[in-house]
Amino acid sequence: MSHRIIQDAFQAFASNDPVRISAVLTEDAEWLSPPGNPTAVALGTTHHMVGREAVVRFFAQDFPRLYARDVAVTFHGVHVDGERAAVEASMTATLADGNPYSNDYCFVVELRDGLVHRVREYLDTARGLRMVSGEAAR
């Protein structure tokens, strides 16, 4: 597994392009986020997506409804062990209401045959909730 696979996958997720996103995922891909995470709360979506179609729909349709523009993911470290990687990153964006968003993340990514099979996402949910609710802007 290479760092390039991980970087290409995250660029695909950020593209909002369903064809690009689909191309980096296994058919039975899963994305697990903490229950009550800011994105799921703000959009009324699930924190556990199962299947390529669900993950593609989220990144192509749901994600841009909240993170409207200027989405940038900065990698601070990608630590690879076989078919698994831990990714340390920060994400910034402009929310749909015009307020800024900034949070730190850790993703544990499992690959299969060079494709993303499972992602477990960790973040500061309290900080994220403050930002998406507009409390951080006050």
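Rolling a 1.4 Å probe over the protein heavy atoms gives the range 19-124 an accessible area of 48 Å² per residue. Note on Leu115 and Val19: their simple-model spin labels are 1.7 nm apart, each label 7 Å out from Cα toward Cβ. Taking the C-alpha atoms only, the angle from helix 3-15 to the longest principal axis of the chain is near 40 degrees. Between Ala72 and Arg57, the distance separating the two model label sites (each 7 Å from Cα on the Cα→Cβ line) works out to 3.3 nm.
What is the magnitude of the charge dipole of the chain about its Cα centre, with +1 placed on the Cβ of each Lys and Arg, -1 on the Cβ of each Asp and Glu, and no other charges, expressed in debye to the nearest 20?
The dipole magnitude comes to about 280 debye.
The values are calculated or read from the model by the stated rules, or taken from the named source; none is laboratory data. Quick caveat, the model's predicted, so the values are computed rather than measured. When we count neighbours, we look across all protein chains shown, and the Cβ atoms used for this are built from the backbone with ideal geometry, even at glycine. Side chains included, ligands, DNA and RNA excluded: accessible areas come from the protein's heavy atoms. Shrake-Rupley method; radii C 1.70, N 1.55, O 1.52, S 1.80 Å.
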